[in-house]
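Just below is one structure, and these are the notes that go with it.
The values are calculated or read from the model by the stated rules, or taken from the named source; none is laboratory data. Because the structure is predicted, anything quoted here is derived from the model rather than measured. Ideal geometry is used to build each Cβ from the backbone, glycine not excepted, and the neighbour counts take in all protein chains shown. Accessible surface areas use protein heavy atoms only, side chains included; no ligands, DNA or RNA. Shrake-Rupley method; radii C 1.70, N 1.55, O 1.52, S 1.80 Å.
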Amino acid sequence: MAGTTNHYADQYWNDLPRVLSHLSKRATGDAALWWMDYFKRRYATPPRKRALVFGCGTGWVERDLFDRGVAARFDAFDASPAYLSIAEKERGERPISYRNANFDDYVQEHAYDLIVNVASLHHVRYLYRMVHQLAGALEPDGLFVQWEYIGPSRNQYADQHLKLMTAIKQALPQRFRTPHPLRHEIATFLSGDPTEAVHASDIMDALRTELDVVEHKILGGGIAYQLLWNNIEEFRKDDAEARSVLDWLLVLDEVMTDQGLVPPLFAFTICRPKARRRLGPPVQRLLLEPAREKVASALGGRYLPEIWREQRTSARRLLSKLRGHTT
């Protein structure tokens, strides 16, 4: 997580209990079984010896996992001194060690039989390097588990995806319609947290390059997530209409995700080390990431595919206007 942005200020779909039940059913097969408890039952009994939580923020993940008996001790790191200060205060007597470090130059110091990613990899610019570091820190019998956004980078949903969300938004009763854009401009990310979902669409490729996937559960989100982002207050009233509309959104989300009409935005994934591990990340990735980030820095934080996409969009808009003038 970045050191200057409050990642806890927004409201998300999983702040609603009905959504949490929906996500649990997708992840574990049981609406009443949270993924942490599922992982404990299946992979951490007896508890794992030493776990790493990276991009730990205020520390809620490692506290929850320790309290569930998932691991005997935890290490965690984050780039934000403010977040780490909160984590230290909330730690209590739990055996959790904190470290101030950022994703760009992190180097592992210990070996772990569990590494946990909860919504952190989508903030990593040097993604393949980071995954290589994490894979190298895993014991041979270790596991990597994540609850993560894996959708389009910087939430740049395709035009057809945007049209579907827009149509569904318009079909909602007025009180439930989000006032926020369904696809933000790149400038919005650059003025807030430039690392938000920066290379999210590459996360699963990076993981599969370094690790073997044991379980991969698609959680969805292609419809409901954006329509509920910072738009949950009316749903929190939990009246009959709110329950009915929310259930309808979640059914649409599930059906459209499973039919491939919208991309999966979130996933619950468990991986283990490959039997034969690469000595380093793929050469093309090792060379590409520093060059890509250097070019993006020179372009004010924008990546070349983003610029090309914006240029195509501007060209289409101009062409549409010209056609309008000639008819």
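Percent of accessible area on the stretch 54-152 owned by carbon and sulfur, 1.4 Å probe?
That share works out to 48 percent.
Starting from the amide H of G69, placed 1.01 Å from N in the peptide plane, find each other amide H under 5 Å away whose residue is 5 or more places distant or on another chain.
Amide H neighbours of G69, under 5 Å, 5+ apart: none.
How big is the dipole moment of the stretch 121-165 about its Cα centre under a simple scheme where the beta carbon of each Lys and Arg is +1, that of each Asp and Glu is -1, and everything else is neutral? Debye, nearest 20, please.
The dipole of the stretch 121-165 has a size of about 300 debye.
Angle, helix 81-91 long axis vs. longest principal axis of the chain, Cα atoms, 0 to 90°, nearest 10?
So the inclination is approximately 50 degrees.
Using a simple spin-label model with points 7 Å from Cα along the Cα→Cβ vector, what separation in nm is obtained for E233 and A31?
Modelled inter-label distance: 2.8 nm.
Let me have the 222 nm mean residue ellipticity of the chain computed from DSSP H runs of 4+ only, each contributing -39500 (n - 2.57), with the sum over all residues rounded to the nearest 500.
My calculation for the chain gives -13500 deg cm²/dmol from helical runs alone.
When the C-alpha atoms of the stretch 1-153 are aligned to their principal axes, what extent does each axis show, in angstrom, from largest down?
39, 36, 34
Among T166, I307, T178, which residue has its Cα positioned farthest towards the positive end of the charge dipole of the chain, with +1 placed on the Cβ of Lys and Arg, -1 on the Cβ of Asp and Glu, and the dipole taken about the Cα centre?
Towards the positive end, the residue furthest out is I307.
For the full complex of protein chains and a 1.4 angstrom probe, list I86, I168 by accessible area with the highest value first.
I86, I168
Can you give the accessible area of D78, probe radius 1.4 Å, in Å² rounded to 10?
Result for D78: roughly 0 Å² accessible.
Ratio of the stretch 153-204's C-alpha Rg to 2.2 N^0.38 Å, to two decimals?
1.32
For helix 240-258, report the angle its Cα long axis makes with the longest principal axis of the Cα atoms of the chain; keep it between 0 and 90° and round to the nearest 10°.
The two axes meet at around 80 degrees.
Just in the stretch 56-122: which trypsin sites (Lys or Arg not before Pro) are loop by DSSP and have at most 10 other Cβ atoms within 10 Å?
none
Hey, can you find the accessible area per residue of the stretch 149-195 for me, probe 1.4 Å, expressed in square angstrom?
46
Quick check: the angle from helix 127-137's long axis to the longest principal axis of the chain, C-alpha only, nearest 10 degrees?
20
When DSSP assigns beta bridges and you keep just the ones with both residues in the chain, what percent turn out antiparallel, to the nearest 5?
40
Mind listing P(r) for the stretch 124-222? All alpha-carbon pairs, 5 Å bins, whole percents.
Binned Cα distances yield the sequence 2, 10, 17, 18, 16, 13, 9, 6, 4, 2, 0.
Keeping every protein chain in place, order L319, L227 by accessible area at 1.4 Å, biggest value first, i.e. largest first.
L319, L227
With the Cα gyration tensor of the stretch 5-59 in hand, give its eigenvalues times 5 under a square root as the equivalent ellipsoid semi-axes, listed largest first in whole angstrom.
Listed largest to smallest, the semi-axes of the stretch 5-59 are 23, 20, 6 Å.
Starting from the Cα coordinates of the stretch 165-262, work out the convex hull volume and express it per residue in Å³.
Here the figure is 135 Å³ per residue.
Report, in debye and to the nearest 20, how large the dipole of the chain comes out about its Cα centre when Lys and Arg carry +1 and Asp and Glu carry -1 on their Cβ.
Roughly 800 debye, rounded to the nearest 20.
Mind ranking 102-109, 132-139 by how tightly packed they are, going by the mean number of other C-beta atoms within 10 angstrom, highest first?
132-139, 102-109
For the stretch 1-139, give the magnitude of the charge dipole about the Cα centre (Cβ charges: +1 Lys/Arg, -1 Asp/Glu; no others), in debye to the nearest 20.
Result for the stretch 1-139 is approximately 440 debye, rounded to the nearest 20.
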